[in-house]
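K.L.:
Before anything else, here's the structure in question.
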Amino acid sequence: MCRLFGFRSDTPGRVHESLVHEANSLRVQSREHKDGWGIASYEDGALPRVARGTGPAHEDPEFERVASRVSSHAVIAHVRQASVGPIRPENAHPFTFGPWTFAHNGTLQRFADHALELERRIAPEFRALIQGDTDSERCFYLFLTELRRTGPLENRSVEDVACALTTTAREVVRITEPGAPKPSSTNFLVTDGRLMVCTRRHRTLFFSERKKRATSDAVVRPKDGERLRQIVIASEKLETESHWFEAPEESVIAVDHELRFRSWTFDQLAAR
């Protein structure tokens, strides 16, 4: 199991409070999820800047240093509790390729029994890039394989990315779950610095507009197509955000390149 955090904003913003200082920050969560950390941010161009560590984030001053300097319109952060693969840099999330950044909260059941079958489904040019031992890295390259199957990797629509991510989640579940003692969990979070998409399956997932409201205001989930100023996506609720909404099981939440909110069920995307 792991914990993940995503931030997308129409203007560069700081995430130091959410990652380090607040009561349920990733730094605090790393006391349980202590097997590595990573932060990817989009600051100077189209490609992410990535920092990773293999120790507990709460004991690593580099985690706080990196978190304190990030001011970005798109961030993905992750703390790891190793379930597949040893503790080493190649197994630390998030994973990146070109403009894409990917993190996973969950575990594929019986991964060792199915690793070769999963790898065979990855396009050869992506299979050659595998460096670590995790189920998560293979899920990332499966996602890129699915996305490229329908067009180029760059400048894709949020619907295309949501479909590719959902297809990946469903395919790895189909392969790994039969006969397993419990379900495979596939909370996948991905961004290219413009859009951000996250699936939920068998792990908690919440999102917030990061918008302060008067206590008398009704708490209303964003409407599909509504343009947001910011969105925060997290495995657990953070106290610095005013209002949180829970993503339904087997669903996708997303914002497109203009920060318009979108959501689907897995079945809705499969029907496209």
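None of the figures in this text is laboratory data; all of them are computed from the coordinates on show. This one's a predicted model, so the numbers in the text were calculated from it and none came from an experiment. Cβ coordinates were reconstructed from backbone atoms using ideal geometry, including for glycine residues, and neighbour counts include every protein chain displayed.
K.L.:
For segment 138-235, give the magnitude of the charge dipole about the Cα centre (Cβ charges: +1 Lys/Arg, -1 Asp/Glu; no others), in debye to the nearest 20.
P.N.:
On the way: 19 positive and 11 negative charges, 68 e Å.
Its charge dipole is roughly 320 debye.
K.L.:
Determine the calculated [θ] at 222 nm for the chain from helices alone, applying -39500 (n - 2.57) to every DSSP H run no shorter than 4 residues and normalising by the residue count; nearest 500 deg cm²/dmol.
P.N.:
Mean residue ellipticity, 222 nm, calculated: -7000 deg cm²/dmol.
K.L.:
Mind checking the dipole of segment 114-172: about its Cα centre, +1 per Lys or Arg Cβ, -1 per Asp or Glu Cβ, Debye to the nearest 20?
P.N.:
Numbers: 8 positive and 11 negative charges, 31 e Å.
The calculation lands at about 160 debye.
K.L.:
Taking amide H atoms as placed 1.01 Å from N in the peptide plane, list the residues 5 or more away in sequence, or in a different chain, whose amide H sits under 5 Å from that of residue 109.
P.N.:
184, 185
K.L.:
Under a point spin-label approximation (7 Å from Cα along Cα-to-Cβ), what is the residue 22-residue 223 distance to one decimal in nm?
P.N.:
Taking the two extended label points, one gets 2.7 nm.
K.L.:
Per residue of segment 89-98, in order, report the coupling 6.51 cos²θ - 1.76 cosθ + 1.60 (Karplus, θ = phi - 60°) as ³J(HN,Hα) in whole Hz, putting x for Gly and Pro.
P.N.:
Taking θ as phi minus 60°, the curve returns x, 5, 9, 7, 7, x, 9, 9, 8, x Hz for segment 89-98.
K.L.:
Oh, and also: Using Cα pairs under 8 angstrom and six or more residues apart, how large is the relative contact order of the chain, in percent?
P.N.:
About 20 percent, as a whole number.
K.L.:
Using +1 at the C-beta of Lys and Arg and -1 at the C-beta of Asp and Glu, which of 66, 41, 222 has the Cα lying farthest in the positive direction of the dipole of the chain?
P.N.:
222
K.L.:
Give me the number: length gained by fully extending residue 97 to residue 119, i.e. 0.36 nm times residue separation minus the C-alpha to C-alpha distance, one decimal in nm.
P.N.:
Details: separation 22, 0.36 × 22 = 7.92 nm, distance 1.70 nm.
Result: 6.2 nm gained on full extension.
K.L.:
Let me ask another. Just want the ordering: 129, 189, 116, 269, from fewest to most Cβ atoms lying within 10 Å of their own Cβ.
P.N.:
116, 129, 269, 189
K.L.:
Output wanted: per-residue J couplings in Hz (rounded whole) for segment 175-181, from phi through Karplus 6.51 cos²θ - 1.76 cosθ + 1.60, θ = phi - 60°, x for Gly and Pro.
P.N.:
Calculated HN-Hα couplings, in order: 7, 9, 7, x, x, 7, x Hz.
K.L.:
About the Cα centre of the chain, what is the dipole size in debye to 20, counting +1 per Lys and Arg Cβ and -1 per Asp and Glu Cβ, all else neutral? List each step's numbers first, then the result.
P.N.:
Values: 39 positive and 39 negative charges, 50 e Å.
Roughly 240 debye for the chain.
K.L.:
Which of the listed residues, 112, 75, 86, is farthest toward the dipole's positive end in segment 47-139, when Lys, Arg count +1 and Asp, Glu count -1 at the beta-carbon?
P.N.:
75
K.L.:
For residue 237, list the aspartates and glutamates whose Cα falls under 12 Å from its own Cα; do not include residues on the same chain fewer than 8 positions away.
P.N.:
Residue 237 reaches 22, 246.
K.L.:
Please give me the summed charge of the neighbours of residue 260: other residues whose Cβ is under 13 Å from its Cβ, Lys and Arg +1, Asp and Glu -1.
P.N.:
Net charge in that neighbourhood comes out at -1.
K.L.:
Report the residue, chosen from 164, 112, 51, that carries the largest GNM mean-square fluctuation when the chain is represented by alpha-carbon nodes joined by springs under 10 Å.
P.N.:
Of the options given, 112 has the highest mean-square fluctuation.
K.L.:
Using θ = phi - 60° and the Karplus curve 6.51 cos²θ - 1.76 cosθ + 1.60, what whole-Hz ³J(HN,Hα) does each residue of segment 165-174 get, with Gly and Pro shown as x?
P.N.:
Calculated HN-Hα couplings, in order: 5, 5, 4, 4, 4, 5, 5, 5, 5, 4 Hz.
K.L.:
Which of these, 262, 52, 127, has the largest mean-square fluctuation under a Gaussian network model of the chain (Cα springs below 10 Å)?
P.N.:
Looking only at 262, 52, 127, the largest GNM fluctuation is found for 127.
K.L.:
Using a Gaussian network model of the chain with C-alpha springs under 10 Å, which one of 201, 210, 27 is most mobile by mean-square fluctuation?
P.N.:
Comparing 201, 210, 27 in the GNM, the peak value goes to 210.
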